[in-house]
Amino acid sequence: MNVLIKEKAIFQKVKEIGKQINADYENKNPILVGVLKGAFVFLADLLREIEIPVEVDFLSISSYNGKESSGVVRLTNDLSLNIEDRDVILIEDIVDTGRTVSYIIKNLKTRKPTSLVVCTLLNKKEDRIIEVPLTYIGFDIPGVFVVGYGLDYLNRYRNLKYIGVINGK
Ligand code: 5GP
């Protein structure tokens with residue numbers, strides 16, 4: 001495994017994003033919506049950097065089979081909270097082609113949130129097919145397949161404390 005982003009760098013970045021959210025949402029009560037499964041580690045760490053009143057919910061999306069995106073995005077588990085008239089921060093592990101986030105934004109907007117922004121730990125700009133607005137970005141990374149810190153390859157490697165690239169992949 002090659003390390004692309006070290007644990008310490010992730011820790012620092014998550015702290016920074018948390019600070020920014022605290023400032024941007026002062027006197028508000030946003031809902032963090034995590035996209036399962038990949039975003040759960042990032043969300044858990046980010047949540048603990050947030051000092052304003054905050055709520056958490058999750059949704060599940062399916063589109064990837066191993067390393068290849070099928071291109072077809074499906075909502076496999078919906079939110080349990082009502083997001084109408086609420087400030088929503090969508091928490092993603094990684095934005096690649098933009099298909100997943102674009103699908104989720106469209107879906108959530110129909111529920112009339114007050115505001116909806118995207119926070120992603122990783123951004124693979126060069127693979128973008130659909131432009132999506134990203135308000136909080138942890139790291140811009142090259143178009144390589146990464147694992148760790150919640151991200152998997154065939155359900156493995158989510159437990160790594162760093163972001164890595166599997167040798168020979
Ligand atoms: P997009 O729809 O933007 O192409 O892809 C977003 C989703 O694809 C992410 O939420 C993630 O589940 C998966 N994905 C994209 N790139 C990678 C990657 O390099 N590694 C892993 N593990 N998943 C990825």
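A few remarks follow.
- Checklist (1) farther than 21 Å from LEU43 by Cβ; (2) under 14 Å from the mean Cα position of the chain (by Cα) applied to THR110, failing item: (2)
- Annotation note: Cβ proximity below 8 Å between a residue of the range 45-63 that is closer than 19 Å to GLY98 by Cα and a residue that is basic (Lys, Arg) (sequence gap 6+ or interchain) occurs for SER60/LYS37; ILE61/ARG74; SER62/ARG74; SER63/ARG74; SER63/ARG99.
- For the range 113-169, taking the residues that are among the hydroxyl-bearing types (Ser, Thr, Tyr) and either within 27 Å of ASP85 (Cα to Cα) or under 13 Å from the mean Cα position of the chain (by Cα) (or both), the one that is farthest from the ligand (Cβ to nearest atom) is identified as THR114.
- Only strands (runs of 3 or more DSSP E) whose full extent lies in the range 92-169 are considered here, and none of them has at least 3 residues that are acidic (Asp, Glu).
- Criterion applied to ILE94, ILE105 was being surrounded by fewer than 21 Cβ atoms within 10 Å (Cβ to Cβ) and within 15 Å of the ligand (Cβ to nearest atom), and the one residue passing it is ILE105.
- Check on GLU84, in a helix (DSSP H, G or I), farther than 16 Å from PHE42 by Cβ, in contact with a Pro (Cβ under 8 Å, 6 or more places away or on another chain) and not β-branched (Val, Ile, Thr): no
Values in this text are rule-based calculations from the coordinates and carry no lab data. Remember, it's a predicted structure, so these values are computed and weren't measured experimentally. A quick note on method: Cβ atoms are made from the backbone with ideal geometry, for glycine too, and the neighbour counts reach across all protein chains shown.
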